[in-house]
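This report refers to the structure that appears directly beneath it.
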Amino acid sequence: MKQENIARILKKSILFQQLEQSQLQKAAAIGRVVTFREGSYIYRQNDPGEGFYVVAAGDVALVLSQEKGRECVVSRIGPGGHFGETSLITGKPHSLGAKASCDLILVCFNRRVFYEDLLGDELIRERMNVALAERLRVSLREQGDTSGHKGGSAGTFNAVDEHALFEGALTDDTGEKSLGASRISTTAKRTQSITGLFAKNLDPVFLNGESGTGKKFLAKQIHLQGVYAHGPYIEIDLRDLEEDVMAEKLFGNQQDAFPFTHARQLGIFEQFGRGTVVLLNVEFLSLPLQQKLLKAIDAGSFTRIGGSRQIPFQCRVIFVSEEATENLIASDTLLPRMIEVLQRQHYRVPPIREHRRDLPRLIEHYLRRYSREFGKNIHKISPNSMGILLNYDWPGNLTELGSVIQRAVMLAQKNEILTDQILLGLPKTEGKWEFNILRIPWVKGILQSKVFPAFPRAVVGCIFLAAVLALFFGPKNPEKNIGITLSWIIGWPLLYFSFFFLARLWCSVCTLAVPGRIAQSIVKPERNTPEFIKKYSGWIMASLCILVLWVEIVFDAYNTPFIGGWVIVAVTLGSFIFSIIFKRRVWCRYVCPLGAINAIFAMPSVLELRANRHLCLNRCRQHVCFGTENEQEGCPMFRHPFLVDNNRDCILCAKCIKSCKENSIHLNLRLAPQELWSLETPRRPDSFLIVALGAIFFPFALQGNFFKMVGRGVGYLHPGFDIPIAVSATLVFFGLILLFEIGYGVMVAIQARYTAVNKDVLLPLLGYGFIPLILGCYLGVHFELFVSGAWRIWPNFLDLMGLEPVYQARRILSPDTTAVLQAITVLGGMLASFYAIFRIMARLKGSRKFSWKMLALPYSFMIVLGGLSLSII
């Protein structure tokens, strides 16, 4: 090639643009033109640096070598771009290989010329420094942008080990078939068959299903069984990409400020040619990008953003989503044409509960895997442990199953997994804006002392005993009965205040279970909790809670002493019966109606008990906080602290604080109750009870006026018809609950349809957002009860002593001050509910799909509820 032509080529490079013609001629004279055929290497990865290259014509692919001869295109250098200088400057081998993407013409400068002539020119050296700095900046940006992506070779995902999850014949370390080998289900066989069928072609694949069902694993298997098995593989979570950069990230960008930063031009589809690209959460794919992707799939080629050159579309695309297909269709987030493409090769990956027959095989697989990982020889699971695992619904699917078996293997001391080592559930995520008050020595000292919770329980027990005796044997006049004052006027309001400030601490000092615990220590029952009670615990507790509130309100326990006494006796008797039949505190954990209210209203509390899960998993081996040691029972709530992700499952008894030797337990003051919107296992009975409590608030707040209103209503509807007030009040009581439940159900159905969210997911989850408002309403009413009636305790005491007290009302606060504080409490609860519902909807829709319009309906529902509550407080 003539020297003039070489000079003309160099003039296109950013390094040589500002050189004088004489300098260009000099550079052209010392360079030599080299040609390469398509597919040939200029140099390979780890080769020593021998030259500096400027692209005259064609494209150079910078490739990263992987296992088993696989290569991944990292970037491309086009005409005017340069490469090879980094190895020369650093003196280290090439970190990437350079390969001709097509027939290629380069201008080459050898090592001596590069150092003496090019770097010897001040202008070229300056531009070289700028080039290197810009390349480093882009490299760092690219690294940050792709930090959440998963990709690489097959070995990265331990696919050989995980392949056993869908194999029909599992073998142990000796090569013999395991006990679960013959128990492969029809569902697993169908999954294997579909995986093989999809792998035979390169058409797009769509996998959807619940979280943790193995969708990404199946995507990997399709890749490994297909024609691109030796090509690169990557998973891209579309939630991590902003909409304005998503197209550039996938398709690349033709426009660049510097030719040497061509790494930004390459998109994922170009870098991972002859490989597999898995797009997670396809519902986050923008509509314009869907159109461009559909065009690329149909035409078999695409263009970079801002470019016109057609680039072959040579990768398999697998789309993954947790959304049901019908929801994707109803939400209009995907184009009809995209839906059509997705449904050509679509498979819904079933949850574990739909193929329970595979559980023994999956359990054995994880047991072998983690036994090898932790250097143990555990090959058995006790029958009771296997029963627990088989009867569990596994909401977290394979992810949760693997986590549970991993923890069991870590805890196991022998070659068999026992029931105390089965800790069901997923570990909580770490929270923010928290302060561990156990750092305060005197707080930790109190909770670790032997007097807690025994001493406060004894004090509460004495008060309760006095109240019960007074309710049964004291004056019939409620104003003069100290039992009424201690239980309903002082005790009940303080109980509600404790929900917010002390979470479920009340349950740890409650004395209603003491007779049962004393009897249990004598009888020592060995029966485990029946599965029926465990399964339907939420509904049982909600029903009994509503029943207790019905008795209190309809039969006016606040003004009828013996009714209040029988309520307390009934709860105590239930606890006693369950304690002498079953181990641990089954009544408190699964049945108690007071525990149901406490569990729900403790969720927005400013106090929480959590554990450092890293310490629990990596350092602790005994886990006495959950199990049993030296005949001392572990957690009475049957819950390991590092699995606790909400306040409803912890009564703050401090057993784990006393027993933990690793200082893993934290007792946090928190700013935001994250469990209201981040709960991993929302329960339908909880939302049912929350809505029911919202309905019950109104007859409770009206109290005496409630009966007057019911009587006037009956008289208006049926003049002259004598209906007992208890019957009509009962009909109104349960009618309100039914009305609220129907209203909530309709609101959720409309909200689910409008926001394209699964109604079965929204129904239990949205109810938690209303807890702060409903708790605020109850606190407002109980605050008035306390400040207006607490004065009665002194005259009641004098009356009990046989003196003649004067019953003259003395409020702690004026009515105006009380009203202001009540309004602040309700409005504060409403604001907290606003935020909780916002976070719930943002979680369900994702930050990019979320719109403030989605909050209009639940916010309206809440404003109506809050307005009605304020009007009667």
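If one computes the Cα centroid of the range 799-873 and of the range 315-355, what distance in Å separates the two points?
42
Can you check what the net charge comes to around residue 496, using other residues whose Cβ is under 14 Å from the Cβ of residue 496 (Lys, Arg +1; Asp, Glu -1)?
-1
Using only the alpha-carbon atoms, how far is helix 759-768 inclined from the longest principal axis of the chain? Give it as 0 to 90 degrees, nearest 10.
Between the helix axis and the principal axis of the chain, the angle is about 60 degrees.
Please give the Cα centre distance for the range 651-687 versus the range 515-559, rounded to the nearest Å.
So the separation of the two Cα centres works out to 22 Å.
Where does each of 47-55, 702-710 land if you order them by average Cβ count within 10 Å, highest first?
47-55, 702-710
Suppose a student asked you for the relative contact order of the range 287-399, using Cα pairs under 8 Å spaced at least 6 residues apart; what percent would you report?
19
Would you pull out the residues with amide H under 5 Å of residue 102's amide H, same chain only if 5 or more places away, H placed 1.01 Å from N?
39, 59
Could you sort 645-655, 797-807 so that the peptide with the highest average Cβ count within 10 Å comes first and the rest follow in order?
Highest-to-lowest ranking by the protection proxy: 645-655, 797-807.
In Å², what does the accessible area per residue of the chain work out to with a 1.4 Å probe?
Each residue of the chain exposes 46 Å² on average to a 1.4 Å probe.
List, in order, the whole-Hz ³J(HN,Hα) value for each residue of the range 529-543 obtained from phi through the Karplus relation with A = 6.51, B = -1.76, C = 1.60 and θ = phi - 60°; use x for Gly and Pro.
5, x, 4, 4, 5, 4, 5, 10, 4, x, 5, 5, 5, 4, 5
Among DSSP bridges having both ends in the chain, what percentage is antiparallel? Round to the nearest 5.
Of all bridge pairs located within the chain, approximately 65 percent are antiparallel.
What FRET efficiency do you get for residue 117 and residue 41 if R0 is 30 Å and r is their Cβ-Cβ distance, rounded to the nearest 0.05?
Efficiency for this residue pair is about 0.70.
Measure nothing but the geometry: give the 0 to 90° angle between the long axis through the Cα atoms of 725-755 and the longest principal axis through the Cα atoms of the chain, rounded to 10°.
10
Tilt of helix 561-581 relative to the longest C-alpha principal axis of the chain, in degrees (0 to 90, nearest 10)?
60
Show 109, 455, 786 ordered by accessible area, largest first, where the area counts protein heavy atoms only and the probe is 1.4 Å.
Ranked from most to least accessible, the order is 455, 786, 109.
When ranked by the protection proxy of mean other Cβ atoms within 10 Å per residue, highest first, what sequence do the peptides 561-574, 320-333 form?
Listed from highest to lowest mean packing, they are 561-574, 320-333.
Rounded to the nearest 0.05, what FRET efficiency is calculated for residue 536 and residue 299 with R0 set to 51 Å and r the Cβ-Cβ distance?
It comes to 0.35.
When the helices in the chain are scored as -39500 (n - 2.57) per DSSP H run of 4 or longer and the sum is shared across all residues, what 222 nm value do you end up with, to the nearest 500 deg cm²/dmol?
-15500 deg cm²/dmol
Skipping prolines and chain starts, which residues have an amide H placed within reach, meaning under 5 Å, of the one on residue 63, given they are 5 or more residues away or on another chain?
Here 74, 97, 98, 99 satisfy the definition.
Karplus couplings for the range 802-818 from phi (6.51 cos²θ - 1.76 cosθ + 1.60, θ = phi - 60°), rounded to Hz, Gly and Pro as x?
Result, rounded to whole Hz: x, 8, 10, x, 9, 8, 10, 4, 9, 6, 6, 10, 5, x, 5, 5, 4.
To the nearest 0.05, what FRET efficiency results for residue 230 and residue 433 with a Förster distance of 51 Å applied to their C-beta separation?
0.60
How much length is gained on full extension from residue 65 to residue 527, taking 0.36 nm per residue of separation minus their Cα-Cα distance?
Separation in residues times 0.36 nm, less the Cα-Cα distance, equals 160.2 nm.
In the range 750-794, whose amide N lies under 18 Å from the spot 7 Å out along Cα-to-Cβ of residue 863? List them in ranges.
751, 770, 773-774
What is the gain in length, in nm to one decimal, between residue 835 and residue 90 on full extension, counting 0.36 nm per residue of separation less the C-alpha to C-alpha distance?
262.8 nm
For residue 726 and residue 872, compute 0.36 nm times the residue count separating them, minus their Cα-Cα distance, and round to one decimal in nm.
50.4 nm
Against the globular-protein guess of 2.2 N^0.38 Å, express the Cα radius of gyration of the chain as a ratio, rounded to two decimals.
It is 1.22.
By accessible area of protein heavy atoms, probe 1.4 Å, what ranking do 755, 817 get, highest first?
Largest accessible area first, the list is 817, 755.
Of 249/292; 524/583; 215/759, which ones are farther than 18 Å apart at the Cα?
Listed pairs above 18 Å: 215/759.
Quick check: pseudo-label points 7 Å beyond the Cα along Cα→Cβ at residue 569 and residue 443, how many nm apart are they?
Going from the residue 569 label point to the residue 443 one covers 4.2 nm.
Report, by chain and number, residues whose modeled amide H sits under 5 Å from the one on residue 233, excluding near sequence neighbours (fewer than 5 apart, same chain).
152, 276
Could you please state how large a percent of the accessible area of the range 192-349 is carbon and sulfur, counting protein chains only and using a 1.4 Å probe?
The computed percentage sits at 49.
Using a cut-off of 14 Å between beta-carbons, work out the net charge of the residues near residue 210 (Lys and Arg +1, Asp and Glu -1, residue 210 not included).
In short, -3.
Given just the C-alpha atoms of the range 273-372, how large is their convex hull per residue in cubic angstrom?
151
With a point put 7 Å past each Cα toward its Cβ, work out how far residue 606 is from residue 465 in nm, to one decimal.
Using points 7 Å along Cα→Cβ, the separation is 3.5 nm.
Count the net charge of all other residues whose Cβ sits under 11 Å from the Cβ of residue 792, scoring Lys and Arg as +1 and Asp and Glu as -1.
Computed value for this residue: 0.
Under 8 Å for C-alpha pairs, at least 6 residues apart: give me the relative contact order for the chain, rounded to a whole percent.
9
The values are calculated or read from the model by the stated rules, or taken from the named source; none is laboratory data. Note that the structure is a prediction, hence the values are computed from the model and not measured. Ideal geometry is used to build each Cβ from the backbone, glycine not excepted, and the neighbour counts take in all protein chains shown. What goes into the accessible areas is simple: the full protein's heavy atoms, side chains included, and nothing from ligands, DNA or RNA. Shrake-Rupley method; radii C 1.70, N 1.55, O 1.52, S 1.80 Å.
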